[in-house]
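Since the structure comes first, as structure tokens, the remarks are kept for the end.
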């Protein structure tokens, strides 16, 4: 039994690894009305190809979105009127490396879930992390990064690590 536990743990971690392959946002939750630094994490390229662009659509509920430039990458800010509608970084991230793309966002005053449909380009290939779940739906193959916006009091009561 002592040998079986490490094998089961290894198998469980191996099975969980594909779920970590998508583009994610950190933190996963924040308080209403806050200015929050969001880090969009790209875990790897598309197969063996390097990531050459990352396009993140910003939800209409954001009061503002200010991207952080990255050395060696070009940045395009797409707008719909005065509102930032998407951010596009172009550069090169080798397939066997990860990186983070940061945005300072002003969160809405109302709680809810914000989705950031994201397209990762790797040369001629794309991974579209754009799926938005229906209520109660889980297990999407290409989920859009999401941020839970909680009442500010609920966030301030959460223990910090």
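Per-structure values
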quantity: Residue check, residue 60 surrounded by fewer than 14 Cβ atoms within 10 Å (Cβ to Cβ), under 28 Å from residue 152 (Cα atoms), within 17 Å of the chain's Cα centre (by Cα) and modelled with pLDDT under 95; calculated: yes
quantity: Selection status of residue 97, buried (at least 17 other Cβ atoms within 10 Å of the Cβ) and over 24 Å from residue 35 (Cα atoms); calculated: no
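The values are calculated or read from the model by the stated rules, or taken from the named source; none is laboratory data. All values reported here derive from a predicted model rather than from experimental measurement. Ideal geometry is used to build each Cβ from the backbone, glycine not excepted, and the neighbour counts take in all protein chains shown.
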